[in-house]
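Everything on this sheet refers to the single structure shown next.
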Amino acid sequence: MSEHETVDPPLTVAIDGPAASGKGTLAKRLSTVLGLPHLDTGLLYRAVGRQVLDAGQDPADSAAATAAAEALAPADLQRTDLRGPVADAASAKVASIPGVRAALLAFQRRFAEDGAVLDGRDIGTVVLPKARVKLFVTASLAVRAARRHRELEARGGAVPPLDVVLAEMAARDEADRNRATAPLRPAEDAILLDTSALTSDEALARAEAIIRWKLGV
Ligand code: C5P
């Protein structure tokens, strides 16, 4: 290599946004298109919440939740009970504990070392502040609640009424936006993508165009 040649840093893509904004599907599809690994960071908080519940402890208990976060192993993310209202509530509780966030930070940064797509709430602001591409994916509360309700119906079993799903989602948004450590907010250099009126294909096409523009290719 000549002394004038430079090596681009690994490509990291940070995708943040509230629940059911479409960020997870978008992150997964982008990771396939870009040939990069994908980490759904919400699973980390969900797995920590589950471990605490398994141990018969309270997800709001700072010492118990921090110990669970420090002991988290990649296999814990494969659990099949990480979705649903109980895991939703437990994850939001452990997510407000600074010790939990500190323990999960190293895990996330290690994952992204050689390039990756990460989706969550604080990827562009805290986990990967130097990510080469940052997207903040949003949609209206009504659209997000309707999406989550359809997902629950598709999964089968008892499904709460739409207004209950909407109220729970609004409460979780509120907790995510107002917590003292790493609140949900767009990074200053994030590009907003509102998916309220977009199909998954349209959201992907927009995100690909943004990435091409950001990378100058
Ligand atoms: O994205 P998902 O809904 O699976 O996230 C579950 C919970 O984990 C969120 O409500 C939020 O409280 C927390 N979370 C977080 N930071 C992230 C990802 C998720 O605080 N990067």
Checking VAL217 against (1) within 17 Å of the chain's Cα centre (by Cα); (2) outside the structural domain of THR125 (by TED's automatic domain parsing), which test does it fail? (1)
Which numbered condition trips up SER21, out of (1) touching a strand residue (DSSP E or B) at 6+ places or on another chain (Cβ under 9 Å); (2) within 14 Å of the ligand (Cβ to nearest atom); (3) part of a loop (DSSP other than H, G, I, E, B); (4) farther than 18 Å from ALA175 by Cα? (4)
Within the stretch 102-134, tally of residues that are charged (D, E, K, R) and surrounded by fewer than 18 Cβ atoms within 10 Å (Cβ to Cβ): 6
Given the options ASP81, ASP58, ASP76, name the one that is part of a helix (DSSP H, G or I) and not assigned by TED's automatic domain parsing to the domain that holds ALA180. ASP76
Determine, yes or no, whether VAL33 is β-branched (Val, Ile, Thr), in a helix (DSSP H, G or I), within 15 Å of the ligand (Cβ to nearest atom) and over 20 Å from PRO129 (Cβ atoms). no
Restricting to the stretch 121-148, name every residue that is within 13 Å of the chain's Cα centre (by Cα), of a type outside the set (Lys, Arg) and part of a loop (DSSP other than H, G, I, E, B). ASP122, LEU128
Kindly check whether there is at least one residue in the stretch 95-104 that is within 14 Å of the chain's Cα centre (by Cα) and away from the ligand (no atom under 13 Å from the Cβ). no
What pairs can you find where one residue is in the stretch 39-55 and surrounded by fewer than 24 Cβ atoms within 10 Å (Cβ to Cβ), the other is of a type in the set (Ser, Thr, Tyr), and their Cβ atoms are less than 8 Å apart, with a gap of 6+ or different chains? GLY42/SER91
Counting only residues that are at pLDDT 95 or above and of a type in the set (Ser, Thr, Tyr), which one in the stretch 162-217 is surrounded by the most Cβ atoms within 10 Å (Cβ to Cβ)? THR195
Positions within the stretch 164-176 being more than 10 Å from the ligand (Cβ to nearest atom) and in contact with a Lys or Arg (Cβ under 8 Å, 6 or more places away or on another chain), in sequence order: VAL165
Given the structure, is LEU39 farther than 24 Å from LYS214 by Cβ, within 13 Å of the ligand (Cβ to nearest atom) and under 11 Å from the mean Cα position of the chain (by Cα)? no
Free of Cβ contacts under 8 Å to residues at least 60 places away in the same chain, away from the ligand (no atom under 15 Å from the Cβ) and polar (S, T, N, Q): is that true of SER140 in this structure? yes
Where residues in the stretch 72-91 are hydrophobic (A, V, I, L, M, F, W, C) and surrounded by fewer than 23 Cβ atoms within 10 Å (Cβ to Cβ), which of them is nearest to VAL33 (Cα to Cα)? LEU77
Does LEU192 satisfy the criteria of being within 22 Å of ALA14 (Cα to Cα) and in contact (Cβ under 8 Å) with a residue 12 or more places away in the chain? yes
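The values are calculated or read from the model by the stated rules, or taken from the named source; none is laboratory data. Not measured: the values here are computed from a predicted model. Glycine also receives a Cβ, built like all others from the backbone with ideal geometry; neighbour counts cover every protein chain displayed.
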